[in-house]
Amino acid sequence: MADLSPAERILAAIRAIPPGQVAGYGHVARRAGLPGRARMVARVLREHSAPDLPWHRVLRSDGKIAFPPNSKGYREQTQRLRAEGVDVRAGRVRIAASVPDLDGNLDAALWRPR
DNA sequence: TGGGTGACAACGC
DNA sequence: AGCGTTGCCACCC
């Protein structure tokens, strides 16, 4: 990644998440070279909405969907994730026990839920 | 300069 | 798992 603006690096990091997999806001930030800026990822996501952006693969660090339960975005995201085979229950993605230790923390299992 | 807000995170219980 | 607190950062008014 050459000299892209922070926002562009964030978008690139999100586009890099493979289908069927997810990543936390903080994780995306670090991958974009912006440690500690999870909130900036959220802001960028709120403004920039591109058709090729897999925004639905970005979750909170605890694996929960960031939108208010039952909101438009919440339902959208849940549906999109399920369409990719991701197990979503009670507003949170279910990580398989096959992935060793990840006490509620996504980062360990990131990039390969299920 | 000061105060409020978020598609957040880490901790403690 | 749920909840409250604190820390954070980039804006906004």
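The values are calculated or read from the model by the stated rules, or taken from the named source; none is laboratory data. None of these values were measured; they are calculated from a predicted model. We place every Cβ from the backbone using ideal geometry, glycine too, and count neighbours over all the protein chains shown. Keep in mind that these areas ignore ligands, DNA and RNA; they rest on the heavy atoms of the full protein, side chains included. Shrake-Rupley method; radii C 1.70, N 1.55, O 1.52, S 1.80 Å.
Taking 7 Å steps out from each Cα toward its Cβ at A:Glu76 and A:Arg94 produces label points 2.6 nm apart.
Of the peptides A:74-80, A:47-53, how do they stack up when ordered by the mean number of other Cβ atoms within 10 Å, highest first?
Working: A:74-80: 15.6, A:47-53: 9.0.
So the peptides A:74-80, A:47-53, ranked by packing, come out A:74-80, A:47-53.
Taking 0.36 nm per residue of separation and subtracting the Cα-Cα distance, full extension of the segment from A:Ala66 to A:Glu47 would add 5.3 nm. Solvent-accessible surface of the range A:6-102, taken per residue with a 1.4 Å probe and all protein chains present: 55 Å².
Order these peptides, A:54-63, A:13-22, by their mean beta-carbon neighbour count within 10 angstrom, highest first.
A:54-63, A:13-22
Quick one: check the C-alpha center-to-center distance for the range A:61-75 versus the range A:33-53, whole angstrom. Spelled out, the Cα-based centre of one part sits 16 Å from the other.
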